[in-house]
Structure formats: structure tokens, C-alpha cells
Amino acid sequence: EGYHEVDIKGNFTFFNESMREILGYEREELLGMSNRQYLDEENASKVYQVHNRIYRTGEPVKNLEWQIVRKDGDGRDLEVSISLIRDGESQPTGFRGVVRDTTDRKRAEEALRQAEERYRSIFDNAQEGIFRTTPEGKLILANAAMSKMIGYKTAE
């Protein structure tokens, strides 16, 4: 997980190596960089609104989702939790955040969703009867062709 701290304006003041790797910039490039350099307009607006709310309320926000564009141009999905940093006199001085790159998980979920959709289409539209039973032989799933073969109008 990436960890970072930014000043009130959203410029990096501290980050760990994981955060640097997530964004794909060198340490020297990232220090002082504004989040507007790796966010598109829509996500920059979301980040601004969240930081503004945290600044006003002092309440941390967890598990936000937004997208960034790495230095190499690769888009990444992030899950972020952010809280306010205060100085010794309780004045807000910036924000700290923990970042998880969820891109691979989201891509895998999308690939699974598409595979399930293809399977469902094949299952539903097959001319052959397809069914599934329990080990005891109880019918638990049947496509329309199978339902028709055994004399039912629907898979019920």
C-alpha cells in the first residue's frame, strides 16, 4: 500500500516507495508535485471535493475510488483513505492518505463478468439440453432446451 502526505494545496510532502511505484514517477519528480499532474479533470474534482470536506469537518474518509494516470500513461484504479494532518495548535496543515492499487482486481472482476456473460449466453441459447444436478440426482439448473425436452415451459 502506498502512503503519502500532501500540504493543504495537494502537493506531495512525503510518500513511501509503494506510492512512488503506484504513480510511476521518480522520487525527485514526485516531491512537491500537485495531484493535478496525474488526475484527469473529473478525478481532480472528486479529490478536491473530498479534501475540502475533510478540511471542513476534520472527519477522515475511507475507501474512496478514483483513477489516476501514471507517468507512463497507464490508467490505474485506486482505493484511498484520507485524513487531516494538524499541527501542534490543531490547525490543519495537510492530508495523509493510504492508497491501494485495485487495477488488477478490477480488471480480473471485469474479465470474470464477461466470461460469465458469455457462458450465460451459450447456456441460454444452446439448442442442446444442458443441465446440472446434485450428487443425489436432483435437477438444480437447466437451460430452455432441456426444459422443453423434459416437458416444461420454463427452467422451473
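Figures for the structure shown
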item: Count of region 11-38 residues which are out of contact with any Gly (no Cβ under 9 Å at 6 or more places or on another chain) and open to solvent by less than 20 Å² (accessible area, probe 1.4 Å); result: 2
item: Boolean, LEU78 is farther than 17 Å from ARG100 by Cα, modelled with pLDDT of 95 or more and not in a helix (DSSP H, G or I); result: no
item: Single condition GLU42 does not satisfy, out of (1) open to solvent by 70 Å² or more (accessible area, probe 1.4 Å); (2) touching a strand residue (DSSP E or B) at 6+ places or on another chain (Cβ under 6 Å); (3) over 21 Å from ARG105 (Cα atoms); result: (2)
item: Identity of the residue in region 92-121, over 11 Å from the mean Cα position of the chain (by Cα) and acidic (Asp, Glu), that ends up least open to solvent (accessible area, probe 1.4 Å); result: GLU110
item: Residue pairs meeting the criteria (Cβ under 9 Å; at least 6 apart or on separate chains; first in contact (Cβ under 8 Å) with a residue 24 or more places away in the chain, in region 1-17; second acidic (Asp, Glu)); result: GLU1/ASP101; GLY2/GLU17; GLY2/GLU21; GLY2/ASP101; THR13/GLU5; THR13/ASP7
item: Matching residues in region 31-58 - criterion: being outside any loop (DSSP other than H, G, I, E, B) and under 18 Å from ARG100 (Cβ atoms); result: ASN35, ASN43, LYS46, VAL47, VAL50
item: Pairs, first outside any helix (DSSP H, G or I) in region 104-117, second among the basic types (Lys, Arg), C-beta under 8 Å, six or more apart; result: none
item: ILE54 in contact (Cβ under 8 Å) with a residue 40 or more places away in the chain, more than 19 Å from GLY2 (Cα to Cα) and buried (at least 16 other Cβ atoms within 10 Å of the Cβ); result: yes
item: Pair list, Cβ under 7 Å, 6 or more apart: region 61-87 residue closer than 19 Å to ARG27 by Cβ, other residue of a type in the set (A, V, I, L, M); result: ILE68/LEU23; ILE68/LEU39; ILE68/LEU78; ARG70/LEU23; LYS71/LEU23; ARG76/ILE22; ARG76/ILE68
item: VAL6 being among the hydrophobic types (A, V, I, L, M, F, W, C), in contact with a strand residue (DSSP E or B) (Cβ under 9 Å, 6 or more places away or on another chain), closer than 21 Å to LYS106 by Cβ and surrounded by 15 or more Cβ atoms within 10 Å (Cβ to Cβ); result: no
item: Positions within region 122-153 being part of a loop (DSSP other than H, G, I, E, B) and either open to solvent by less than 70 Å² (accessible area, probe 1.4 Å) or in contact with a strand residue (DSSP E or B) (Cβ under 9 Å, 6 or more places away or on another chain) (or both), in sequence order; result: ALA126, GLY129, ILE130, THR134, GLY137, ASN143, ILE150, GLY151, TYR152
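Listed here are the residues, each with its yes/no results for (1) at pLDDT 85 or above; (2) not small (Gly, Ala, Ser).
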{"position": "ASP87", "(1), (2)": "yes, yes"}
{"position": "VAL99", "(1), (2)": "yes, yes"}
{"position": "ALA115", "(1), (2)": "yes, no"}
{"position": "ARG118", "(1), (2)": "yes, yes"}
{"position": "GLY129", "(1), (2)": "yes, no"}
{"position": "GLU156", "(1), (2)": "no, yes"}
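The values are calculated or read from the model by the stated rules, or taken from the named source; none is laboratory data. Here the structure is a predicted model, which is why all the values come from computation and not from measurement. All Cβ positions, even for glycine, are placed from backbone atoms using ideal geometry, and neighbour counts span all protein chains on display. With ligands, DNA and RNA removed, areas are computed over all heavy atoms of the protein, side chains included. Shrake-Rupley method; radii C 1.70, N 1.55, O 1.52, S 1.80 Å.
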